[in-house]
Amino acid sequence: MDNLKAIDALAALAQPTRLEAFHHLVRSEPGGLAAGEIVDLLDVPQNTLSSHLAVLVNAGLATNRREGRSIIYRADIVRFRELVLFLLKDCCGGRPDVCTPLLKDIKACC
């Protein structure tokens with residue numbers, strides 16, 4: 001991942017509704033959620049949610065597909081992993097003791 005892609009992804013997540021939508025998409029993997037379900041979960045107007053989901057899709061953090069009359073959104077876990085790895089890439093600076101606590105926290109939550 002390059003700097004511009006990371007900045008786009010971080011900017012997409014730097015808004016409360018989009019961050020909450022992304023959390024719901026991650027929790028719903030691998031099946032995803034219909035746009036209407038996300039509207040209900042977040043209690044936001046459909047057109048507002050549509051704009052937020054478009055930002056997540058454009059940043060590469062979500063994908064969508066049409067299924068009948070619904071649009072199903074899914075978190076792009078591969079891109080999210082790339083973002084996290086980009087952020088952690090040089091965190092240790094050759095000192096594993098610096099990142100070990102962080103890696104333990106990540107392992108514990110997953």
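Values quoted throughout were computed directly from the atomic coordinates according to the rules given, and no laboratory measurement underlies them. On a predicted model such as this, the values are computed, not experimentally measured, just so you know. A quick note on method: Cβ atoms are made from the backbone with ideal geometry, for glycine too, and the neighbour counts reach across all protein chains shown.
Would you be able to tell me the number of residues in the range 90-99 that are in a helix (DSSP H, G or I) and within 24 Å of the chain's Cα centre (by Cα)?
Taking the range 90-99 and keeping what is in a helix (DSSP H, G or I), we get 96-99.
Remaining after also requiring within 24 Å of the chain's Cα centre (by Cα): 99.
Selection size over the range 90-99: 1.
Which number in (1) of a type in the set (Val, Ile, Thr); (2) in contact (Cβ under 8 Å) with a residue 24 or more places away in the chain; (3) not in a strand (DSSP E or B) marks the one condition that Val39 misses?
(2)
For the range 3-45, enumerate the residues that are of a type in the set (A, V, I, L, M, F, W, C), touching a strand residue (DSSP E or B) at 6+ places or on another chain (Cβ under 9 Å) and within 19 Å of Gly68 (Cβ to Cβ).
The answer is Leu33, Ala34, Ala35, Ile38.
Restrict the check to the range 63-78 and report whether at least one residue is crowded, with 17+ Cβ neighbours inside 10 Å and in a helix (DSSP H, G or I).
No, because not a single residue in the range 63-78 is crowded, with 17+ Cβ neighbours inside 10 Å and in a helix (DSSP H, G or I).
Filter the range 1-52 for residues that are over 13 Å from the mean Cα position of the chain (by Cα), acidic (Asp, Glu) and closer than 26 Å to Asp90 by Cα and give the result.
Listed by number, the list holds a single entry, Asp2.
Could you say which residue among Leu56, Leu87 is in a helix (DSSP H, G or I) and either exposed (fewer than 15 other Cβ atoms within 10 Å of the Cβ) or of a type in the set (D, E, K, R) (or both)?
Leu87
If you check every pair at least six apart or on different chains, which have Cβ atoms under 9 Å apart with a residue in the range 69-88 that is among the basic types (Lys, Arg) first and a residue that is in a helix (DSSP H, G or I) second?
Matching pairs, first to second residue: Arg74/Leu25; Arg79/Lys5; Arg79/Ala9.
In the range 1-36, which residue that is small (Gly, Ala, Ser) and assigned to a helix (DSSP H, G or I) is farthest from Leu85 (Cα to Cα)? Walk me through how you get there before you give the answer.
Narrowing the range 1-36 to residues small (Gly, Ala, Ser): 6, 9, 11-12, 14, 21, 28, 31-32, 34-36.
Filter once more, so that each one left must be assigned to a helix (DSSP H, G or I): 6, 9, 11-12, 21, 35-36.
Details: Ala6: 10, Ala9: 13, Ala11: 17, Ala12: 17, Ala21: 22, Ala35: 29, Gly36: 32 Å.
Per the stated criteria, the residue is Gly36.
Let me spell it out: the conditions are (1) of a type in the set (A, V, I, L, M); (2) buried (at least 17 other Cβ atoms within 10 Å of the Cβ); (3) touching a Phe, Trp or Tyr at 6+ places or on another chain (Cβ under 9 Å), and Val26 meets all of them except one. Which number is the exception?
(2)
Taking Arg79 as meeting all but one of (1) in contact with a Lys or Arg (Cβ under 9 Å, 6 or more places away or on another chain); (2) under 19 Å from Gly36 (Cβ atoms); (3) of a type in the set (Lys, Arg), write down the number of the exception.
Looking at each condition in turn, Arg79 falls short on (2).
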